[in-house]
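Asks: One structure follows; several queries about it will come next.
The values are calculated or read from the model by the stated rules, or taken from the named source; none is laboratory data. These numbers were taken from a predicted model, which means no experiment stands behind them. No Cβ is skipped: glycine too gets one built from the backbone with ideal geometry, and neighbour counts run over all protein chains shown. Note: areas computed on protein heavy atoms with side chains; ligands, DNA, RNA excluded. Shrake-Rupley method; radii C 1.70, N 1.55, O 1.52, S 1.80 Å.
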Amino acid sequence: MSRFLAGKYEALEAYTPGEQPRDKRYIKLNTNESPYPPAPSVAEAVSREAVEGLRLYCDPTAKRLKEKLAGLYQVEPENIFLSNGSDEALNFAFMAFGGAGVVFPDISYGFYGVFAQLHGLPYEQIPLKEDFTLDYRDYCHQNKMIVIANPNAPTGMSIPVEQIRQILKSNPDAVVVIDEAYVDFGGESCLPLIKDYDNLLVVRTFSKSRCLAGGRLGYAFAGRAIIADLEKLQYSTNPYNVNTLTQLLGAATVDEEAYYRQRCREIMDTRRRTKAALEALGFQVLPSQANFLFAKTEKMDGGALYRELKNRGILVRHFTAQRICQYNRITIGRPEEMDMLIQTLKEVLI
Ligand SMILES: *Cc1c(COP(=O)(O)O)cnc(C)c1O
């Protein structure tokens, strides 16, 4: 820390992203990226001409990409906010709507607490039940900003849209953010509810199901007024938050919906087989509607298992928070990668 850092940031603990080691080739099951490449036509969207076009600033309204997304999801372009990864949309949401305080589960995406601290917002973390289910009644009548990842991370578990409707109804004067980063892997989207509730913000990303984590593209749906608020903050921060190349990649991705749906089906299939194989080895595995599994075994400490796997070239994600430190979060990779994982676990756990 330099002596110049503003005092209000002294105690801020930054988010720690999952490791992206370059020292050797790992089977990388630690940051929920897709094991599959983008559709072939997406690579072709970045032509020489497109690169030469970079001399100009990008379209700050991202008109073409918004229109494509609007067509796919049956909303108006005015219902869409675009961001540099969905983390940026979440950051603006905390900044814009968290003034009265923010409520989110104790076990969820670690960035929520960081955003609350960054903006000096009072926040409360409500414990999930013993079995990591979320009781929607805990979030009713709060009238503070509510943030729920659905499906949740790192558990992979989800709640039905009807329960989100109850949360929206009972918090009419606060924004309810539903982070649908993993919804394409078997969750139920609450997007249709934006027509009925002007306090709903649905945040999505191209990073997981759209195989584009490095492209940094997030999007969010809401009524026009919430979108206008987010854009006010975006234009006050960086009008060009989604660069030209990423806008092109995003538009090409929307045109390949069938390809991505197929990839999601494959990942769900691999998830089902991996869960069964882990259970056969004695793991307890939470039910997952996401592209990862959250699992623990009595046979080895969670942190020790993480290190054993890393030594053998397999990266998973371990969290040190007390409630979940016996678990590891395992991203669903290609079938052959999951076979390697199971084989390696057999060796580690004998
Ligand atoms: C991965 C993830 C995000 C953020 O992804 P971006 O790459 O910034 O789009 C947001 N929320 C949850 C719950 C995630 O797991």
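Asks: Give the lysines reachable from K144 as a straight Cα distance under 19 Å; neighbours fewer than 8 places away on the same chain don't count.
Replies: Of all the lysines, those that pass the test against K144 - Cα under 19 Å, at least 8 places apart if same chain - are K169.
Asks: Work out how far the C-alpha atoms of the chain reach from end to end along every principal axis, then list the three figures in whole Å, largest first.
Replies: 57, 52, 50
Asks: Moving on to the next point. If packing is taken as the average count of other Cβ atoms within 10 Å, what order do 167-175, 202-210 fall into, highest mean first? It would help to have the intermediate numbers written out before the result.
Replies: Values: 167-175: 18.2, 202-210: 24.6.
Order by mean packing, descending: 202-210, 167-175.
Asks: Rounding to the nearest 20 debye, state how big the charge dipole of the chain is about its Cα centre with +1 on each Lys and Arg Cβ and -1 on each Asp and Glu Cβ.
Replies: So the dipole magnitude of the chain works out to roughly 660 debye.
Asks: While we're here: Reachable lysines from K68, Cα under 29 Å, same-chain residues fewer than 8 places away excluded?
Replies: Hits, sequence-local ones excluded: K195, K208, K232.
Asks: Can you list the residues, at least 5 places off or on another chain, whose amide H is less than 5 Å from the amide H of V103, using H built in the peptide plane?
Replies: Here the answer is E124, M145, I146, V147, since their amide H atoms fall under 5 Å of that of V103.
Asks: Moving to a separate point now. Determine the distance separating the Cα centre of the stretch 190-221 from the Cα centre of the stretch 73-144; give it in Å without decimals.
Replies: 13 Å
Asks: Over the stretch 40-255, what is the mean sequence separation of C-alpha contacts under 8 Å (at least six apart), divided by residue count, expressed as relative contact order in percent?
Replies: Working: 377 pairs, mean separation 61.4, N = 216.
So the answer I get is 28 percent.
Asks: Hey, another quick one. Using a basic spin-label model with each label point 7 Å from the Cα along Cα→Cβ, how many nm lie between D255 and D23?
Replies: 4.3 nm
Asks: If you find the alpha carbon centre of the stretch 296-350 and of the stretch 1-55, how far apart are they in angstrom?
Replies: Here the answer is 24 Å between Cα centres.
Asks: For L281 and E44, what does the FRET efficiency come to when R0 = 35 Å and r is the distance between their Cβ atoms, rounded to the nearest 0.05?
Replies: 0.25
Asks: Under a crude label model (7 Å from the Cα following the beta-carbon direction), how far is K310 from D138 in nanometres?
Replies: Using points 7 Å along Cα→Cβ, the separation is 2.9 nm.
Asks: List the aspartates and glutamates whose alpha-carbon lies under 14 Å from that of K66, not counting same-chain residues fewer than 8 positions away?
Replies: E76, E78, E231, D255
Asks: So, one more: For the stretch 134-182, what is the convex hull volume of its Cα atoms per residue in Å³?
Replies: Taking only Cα atoms, the stretch 134-182 has a hull volume of 65 Å³ per residue.
Asks: So if I average 1/r over every pair of distinct C-alpha atoms in the stretch 260-350 and take the inverse, what Kirkwood radius in Å does that give? Walk me through the intermediate numbers first.
Replies: On the way: mean 1/r = 0.0755 Å⁻¹.
Hydrodynamic radius (Kirkwood, Cα only) of the stretch 260-350 equals 13.2 Å.
Asks: For the stretch 40-255, give me the percentage of DSSP beta bridges that are antiparallel, rounded to the nearest 5 percent.
Replies: That works out to approximately 40 percent antiparallel.
Asks: Ranked from the most accessible area to the least, with a 1.4 Å probe and all protein chains present, what is the order of R48, R22?
Replies: R22, R48
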